[in-house]
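The values are calculated or read from the model by the stated rules, or taken from the named source; none is laboratory data. Treat the numbers as computed from the prediction; the structure is a model and nothing was measured. Glycine also receives a Cβ, built like all others from the backbone with ideal geometry; neighbour counts cover every protein chain displayed. Quick note on the areas: whole protein, heavy atoms, side chains included, nothing else; ligands and nucleic acids left out. Shrake-Rupley method; radii C 1.70, N 1.55, O 1.52, S 1.80 Å.
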Amino acid sequence: MGSKNSWLDHFVLGIWLSTILTAGSTQGELLPTPTNVTLKMNMFTLHWEWESNNINPVCEVKYNRAISKPNNPKMCRNKLLFQDEDTKEIDLNVWINFTVYSECPQNGLKSKETQLSTLLVSGNPNTAVRNFNCVWHNMEYINCTWLPGEKATPKVNYTLVYWLQNESSKEKLKVPHSRLFMDFLGTAKHCHQYKYKEGIPVGCHFKILNEKEELQLVVTDFSNENIEPFYSWMIPKEILQLSAPNITNISRMVKDTIYVSWNVTPLKPRQSKSELLLTNLNNGKVNKYEETRNNSKEILLGDPDATYTIKIRSKKHDMYGDFPWSEWSEEKTISAEYKFRTMNIILAVLIPISVTILTVIAVVCIKRCILCILPPIPDPGKPFGDLDNLQQLLRFKYANVWNTPPNDEICSVIFVESPTCSTCSSSLE
């Protein structure tokens, strides 16, 4: 009887101890904290490693990792003792915070968190470029623009360098520091076509060979360590910006409607999306229209007697991505309908008058041309006098060519003079 009670006491004691241990393990830390967290990287890859002494036969220990991202921390859990991440997923211009802790999924036990924070930029605050933006312009070249830092020196000389993934992603990983990019300049490419404003570089463009290849870019002043570097990442095909559309036709149709057509190069119409901006110059009202997969549109005008302006911009249409808009096209003017009616009346009057005048001028010119080309042939009988002379020429090969002088008429003149003296009269006798 006593042995039975002893066995029962040991059983109750075992249950009590297991309950206490379970409660204590739930409240306390039973899993070791990961240690010696390190980071190594190149321009395209970040690699974290850590150590752990977790040996637990009850469960399979896994490691939860969190990488800081703006408004969206990236979480991951597996049993590996390392974590790889692409630089395209991380903002390299701010603190990179990495957190890791171990967990037993079977009973929910966790260790304390271990955190590693890394900063890759150095220099005076607000000296890095602002409003940095890159586009693949019309499938021709990469065009990057920026504004100087608010506290950058007036003589700052920003330089843009970039790395191609196929050439640089396999480089040896190195311990990061504030000017890490300097360790990889051997595989970097330099941009040479800069745009300046007041002597400061504010943009640069360069050509690429593969629009699908990832690029990592850095803009900084290599001659001044006080200037903060700026990191950026892109894939050219995802930032395609078309050139401004060309409006090819604007014509009025029936029922106060206009027809507009335009060209978008180098895409086909079904690959583009366009936005039209129609402005009423009489009241300043602006209407916006969108057209997808087509390069023409009919628009109903609210006021046919008003004058309108229209301009268009386009972008690549893709349901899986959002592309930047092109620049606006050249603005075209659509005159009021009454001006079209007046013009039609004027043309209806001027066209017949113009045709008549041109016809008269043409007839006169044709007559003059005929006289120059085909002059009149003289009468062959006139130089030979009468018909007998012509017959003599044809028969004997010669002829007397003269005109018979007209007969002279001789008129007698009688002179009568009265004598003035006697001597004269006697001598006359």
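Just a few scattered comments:
- Partners for residue 207 among lysines (Cα-Cα distance below 24 Å; same-chain residues under 8 apart left out): 88, 170, 189, 195, 197, 237, 268, 315, 316
- Spacing of the two label points (7 Å from each Cα toward its C-beta) at residue 79 and residue 292, in nm: 4.8 nm
- Per atom type, region 107-152 shows carbon and sulfur on 42% of its accessible surface, probed at 1.4 Å.
- Karplus 3J(HN,Hα) series, Hz, for region 128-136 with 6.51 cos²θ - 1.76 cosθ + 1.60 (x for Gly, Pro): 6, 5, 10, 6, 6, 8, 10, 9, 8
- Element breakdown for region 245-343 at a 1.4 angstrom probe: carbon and sulfur atoms account for 46% of the accessible area.
- Using a Förster distance of 45 Å, the FRET efficiency for residue 331-residue 122 (Cβ separation, nearest 0.05): 0.45
- Taking all protein chains as shown and a probe of 1.4 angstrom, residue 300 keeps an accessible surface of around 120 Å².
- Global geometry of region 259-352, whether rounded, prolate or oblate, following the gyration tensor of its Cα atoms and the 1.5 cut on a/c: prolate
- Average accessible area per residue (Å²) across region 76-171 - probe 1.4 Å, nucleic acids and ligands excluded: 52 Å²
- Accessible area of residue 37 (1.4 Å probe, protein heavy atoms only, ligands and nucleic acids ignored): about 20 Å².
- A simple spin-label model places the labels of residue 190 and residue 353 7.1 nm from each other, with each point 7 Å out along Cα-to-Cβ.
- ³J(HN,Hα), Karplus 6.51/-1.76/1.60, whole Hz, each residue of region 218-223, x for Gly, Pro: 9, 10, 7, 9, 5, 8
- Packing-based order for 301-307, 76-82, using average beta carbon neighbours within 10 Å, highest first: 301-307, 76-82
- The 1.4 Å probe gives accessible areas that order 370, 258, 208, largest first, as 370, 208, 258.
- Note on region 156-223: with neighbouring protein chains present and a 1.4 Å probe, carbon and sulfur make up 49 percent of its accessible heavy-atom surface.
- Per residue, region 275-374 exposes 69 Å² of accessible surface when a 1.4 Å probe is rolled over the protein heavy atoms with every protein chain present.
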